[in-house]
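Presented below is the structure to which this report refers.
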Amino acid sequence: MNGFSTKPSVVFFGTPEFAAAQLEALLEAGIRVKAVVTAPDKPAGRGKKLQQSAVKSLALDKGLQIFQPRKLKDETFLKSLDELNADLFVVVAFRMLPVEVWKMPPLGTFNLHASLLPQYRGAAPINRAIINGETETGLTTFLLNDKIDEGSILLQHRMAIAAGENAGSLHDRMMEAGKALVVKTVFGIADGSLRAVPQAVINESQLKLAPKIFKADCVIDWTKSLDEINNQIRGLSPYPAAFTTIINKESGQQVLIKVYQAEILKETHASENYLLHTDNKSYLKVSHPDGFLILKEIQSPGKRAMTIRDFLNGFKLEGCWKIAL
């Protein structure tokens, strides 16, 4: 024992739904959450109405104290945080904390990260793991230090990535699995049973990173293999979604489409590569040096995501269409 209660008081830092699920798990476990720190409300939608984070919505529902600082080094915020006298800080899907914050609580500050560290440090570990064709990933709780995602490891949980699984499905499974890991970490720190272990040292050439996803990452690169293209689609589905532009060879009409789901058909063919093949009823596929990429769910501008059958019901691909490379 380390002299602290087995149910320590915590301050929770987080913003999206993934974080809110972990906050709810802490509350259900009887852990004393003294306050939450989340992102300021942001304008969203056509009306630019202020929208609160998932963590703030849950905190309001549970009657928790809420901080939404624009600057984490703001003196008023730091003073208020210190006056809470919390034993431990818990961070899930939040921005980088300054040393003035993460060093504050006596039991330290830990983060839940959606990868098996040290692999996939960065902002988009779920997306990047699938894009890279991984078949296994996991969750890690680790103590914060002054470097991004490099603190000593507390607990890890391994998870298989199912064949054909996309980032949305994996996100939801990891969100559920994270609950038990976060609660177990809090109790383990409180009763002194957990010992932090430094991250394994991996050769830089073997280290896989998970930088933020930008628009350029979403453009389908048709020069890659069918497996790589399909992994890119899976890793970006449902958000922000991989996209490509198709063009009518005769009229020059162009249509940008987002691709949410596809299947691979590896076979030899005599078709020109990167042409679209369809019966304008039930299928749409793209010829490729490896075979065909069969598009299953797509979205065109101004429309919702839909199955290929529904898409072709409203948009007939007359004439010869190809990928605009």
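The values are calculated or read from the model by the stated rules, or taken from the named source; none is laboratory data. Computed from a predicted model, the values in this text were never measured in an experiment. In this analysis, Cβ positions are derived from the backbone assuming ideal geometry, glycine residues included, and neighbour counts consider all displayed protein chains.
Among the residues of segment 10-32, the ones that are surrounded by 19 or more Cβ atoms within 10 Å (Cβ to Cβ) and more than 20 Å from ILE126 (Cβ to Cβ) come to 5 in all. The number of residues in segment 280-290 being in contact (Cβ under 8 Å) with a residue 24 or more places away in the chain, surrounded by fewer than 18 Cβ atoms within 10 Å (Cβ to Cβ) and not basic (Lys, Arg) comes to 3.
Among the residues of segment 130-149, those identified as farther than 24 Å from VAL183 by Cβ and either acidic (Asp, Glu) or at pLDDT 95 or above (or both) are ILE130, ILE131, ASN132, GLY133, GLU134, THR135, ASP146. When ASN145 is tested against (1) buried (at least 21 other Cβ atoms within 10 Å of the Cβ); (2) within 15 Å of ASN111 (Cβ to Cβ); (3) not charged (D, E, K, R), only condition (1) is not met.
When the test is whether a residue is of a type in the set (D, E, K, R), over 26 Å from CYS320 (Cα atoms) and loosely packed, with under 11 Cβ neighbours inside 10 Å, LYS215 passes it.
Would you be able to say whether some residue in segment 189-208 is under 20 Å from LEU236 (Cα atoms) and surrounded by fewer than 17 Cβ atoms within 10 Å (Cβ to Cβ)? The answer is yes, given that some residue of segment 189-208 is under 20 Å from LEU236 (Cα atoms) and surrounded by fewer than 17 Cβ atoms within 10 Å (Cβ to Cβ).
Tell me, which helices (runs of 4 or more DSSP H) lie completely within segment 154-258 with 2 or more residues that are in contact (Cβ under 8 Å) with a residue 60 or more places away in the chain and either within 30 Å of ILE31 (Cβ to Cβ) or not assigned by TED's automatic domain parsing to the domain that holds PRO106 (or both)? Hits in segment 154-258: 167-190, 226-235. Residues that are part of a strand (DSSP E or B), more than 20 Å from PHE12 (Cβ to Cβ), in the same structural domain as VAL201 (by TED's automatic domain parsing) and not β-branched (Val, Ile, Thr) do occur in segment 135-142, at least one of them.
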